[in-house]
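Read the figures in this text as sums done on the coordinates, not as results from a lab. Note that the structure is predicted; figures quoted are calculated from it, not measured. Please note: Cβ atoms are built from the backbone with ideal geometry, for glycine as well, and neighbour counts cover all protein chains shown.
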Amino acid sequence: MRFAYVQPFVESARKILAEAVSGRIVAGDLRLSSAAVPSRGVTAIVGVTGEGEGRVIFDMDKETALRIASAMNGEPFGELDELAKDTLSELAGMMTGNAVSVLNDGGHCLRVSPPTLFAGENVSISGRALEALVVPLDTPFGEVAVNVAIATS
Amino acid sequence: MRYGGRRPMARSLRSFRFLVVDDSEFARRNMEKMLIAIGGQAAGFASNGREAINQYRKLQPDIVLMDITMPEMEGIEAVEEILAEDELAKIVMVSSISYQDMVKRALACGAKHFLAKPVKREQVASVVDFVLGEN
């Protein structure tokens, strides 16, 4: 796990979430995680390939997800319908696309896949054993955890 | 088929017709709201490059806002095909992946400008004004 990869993802997520919710985003303490990721309810996963291989996960509870989707669309969502899910996928794509742009302009060579969104209780995300760094972002609508696991090829 | 020779002058920014191409419904709606707010009229929408080419032929919009990463056919390939048919097509690439090489690639294929997501209304207004104003 290279720490150099983590900061741009966290900073991009913080910046883009702040615009999306029109509010202040406070980053919590960084922690290391090597276990499967238990979903809080709504999880967006973006694959990373290139000089580093891994994934970035954005995880939040359903209420936070609905409130963020509502703010981004300017209309309330009571359920995670297709538009709400699409909005959150697009948000994940913007956060990772922005981070990869920063990294690649700094001399790295990474690509990201389109986001995949999971919604449901009792979902656990597991995969290749990767050490992940997790940063909780406190938004006005609830917490969004940014979980970055990228290993150098 | 070529559409060269059309549009001898740029339309007024107040009456431009736009085509938004993005596989995200949220992104299409968001861009539509911003373009309408600056005086545009929706000519149509497409969710991949293949649809964009068909819609362009049918609708003949004044400007196209085109995402890059899409299923079936990506934005850059669609731009090349549209420009092969209409060298006067005015296409702005819109993408969250905006590192320098990607921007260069988009402009090299003939796009007139590049907007990095998340887009802001002022940026959209400025770019649309610039692109429709150039002749």
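Listing A:Val135, B:Val64 from the residue with the fewest other Cβ atoms within 10 Å to the one with the most, what is the order?
Details: A:Val135 21, B:Val64 29.
Listing A:Val135, B:Val64 from fewest to most nearby Cβ atoms yields A:Val135, B:Val64.
The mean sequence separation of alpha-carbon pairs under 8 Å and at least six residues apart, normalised by the residue count of chain A, gives a relative contact order of 42 percent. Distances between placed amide hydrogens fall under 5 Å for B:Arg17 paired with B:Gln41, B:Asp62, B:Ile63, all partners being 5 or more residues away or on another chain.
How large is the convex hull of the Cα atoms of chain B per residue, expressed in Å³ as a whole number? Before the final figure, lay out each step's value.
Details: hull volume 12.4 nm³, N = 135.
In chain B, the Cα hull volume divided by residue count equals 92 Å³.
Summing Lys and Arg as +1 and Asp and Glu as -1 over all other residues whose Cβ lies under 12 Å from the Cβ of A:Asp86 gives a net charge of -3.
Selection among A:Thr43, A:Ala151, A:Gly23 by position relative to the dipole of chain A gives A:Ala151 as farthest towards the positive end (Cβ unit charges, Cα centre). The value of relative contact order for chain B, using C-alpha pairs under 8 Å at least six residues apart, is 26 percent. Amide hydrogen proximity for B:Met70: with H placed 1.01 Å from N in the peptide plane, the residues at 5 or more positions away or on another chain lying under 5 Å are B:Gly75.
All C-alpha to C-alpha distances of the range A:50-145, sorted into 5 Å bins beginning at zero, yield P(r) values of 2, 11, 20, 23, 19, 13, 8, 3, 0 percent in whole numbers. The residues neighbouring A:Met72, those whose beta-carbon lies less than 11 Å from its own, together hold a net charge of -2 under the Lys/Arg +1, Asp/Glu -1 convention. Looking at the protein assembly as shown only, what percent of DSSP beta bridges run antiparallel? Nearest 5 please. Counting DSSP beta bridges with both partners in the protein assembly as shown, the antiparallel share is about 70 percent. Size descriptors for the protein assembly as shown: radius of gyration and Dmax over Cα atoms are 19.6, 63 Å. Inter-part distance, the range A:38-108 to the range B:30-90, computed on C-alpha centroids, equals 25 Å.
Working from label points 7 Å from Cα in the Cα-to-Cβ sense, the A:Glu79 to B:Leu59 distance is 2.9 nm.
Here the simple spin-label model places points 7 Å from the Cα toward Cβ, and for B:Cys109 and B:Ala42 these points are separated by 2.5 nm. Applying the criteria of a DSSP loop state and at most 15 other Cβ atoms within 10 Å to the GluC sites (Glu not before Pro) of the range A:49-153 yields A:Glu79, A:Glu121, A:Glu131. Under 26 Å of direct C-alpha separation, and excluding same-chain neighbours fewer than eight residues apart, B:Lys58 reaches these lysines: B:Lys33, B:Lys90, B:Lys112.
Once the Cα atoms are used to define both axes, helix A:3-21 deviates from the longest principal axis of chain A by about 20 degrees. Close amide H pairs (under 5 Å, H built 1.01 Å from N) link B:Ser96 with B:Lys117, residues at least 5 positions away or on another chain. Sorted ascending by nearby beta carbons within 10 Å, beginning with the fewest, B:Arg121, B:Arg50, A:Arg14 become B:Arg121, B:Arg50, A:Arg14.
Listed by Cβ neighbour count within 10 Å, with the fewest neighbours leading, A:His108, B:His113 appear as A:His108, B:His113.
Near B:Ala42, within a Cβ-to-Cβ distance under 11 Å, what is the net charge of the other residues, with Lys and Arg +1 and Asp and Glu -1? Please list the in-between numbers first.
Working: positive: B:Arg17, B:Arg28, B:Arg29, B:Lys33; negative: B:Glu32.
Taking every Cβ under 11 Å from that of B:Ala42, the sum is +3.
Among the residues of B:24-31, the average count of other protein chain beta-carbon atoms within 10 Å of the residue beta-carbon is 6.
Axis angle, to the nearest 10 degrees, between helix A:62-73 and the longest C-alpha principal axis of chain A: 80 degrees.
Kindly provide the trypsin sites (Lys or Arg not before Pro) of the range A:22-53 that DSSP labels as loop, not H, G, I, E or B, and whose Cβ sees at most 16 other Cβ atoms within 10 Å. Answer in residue order: A:Arg24.
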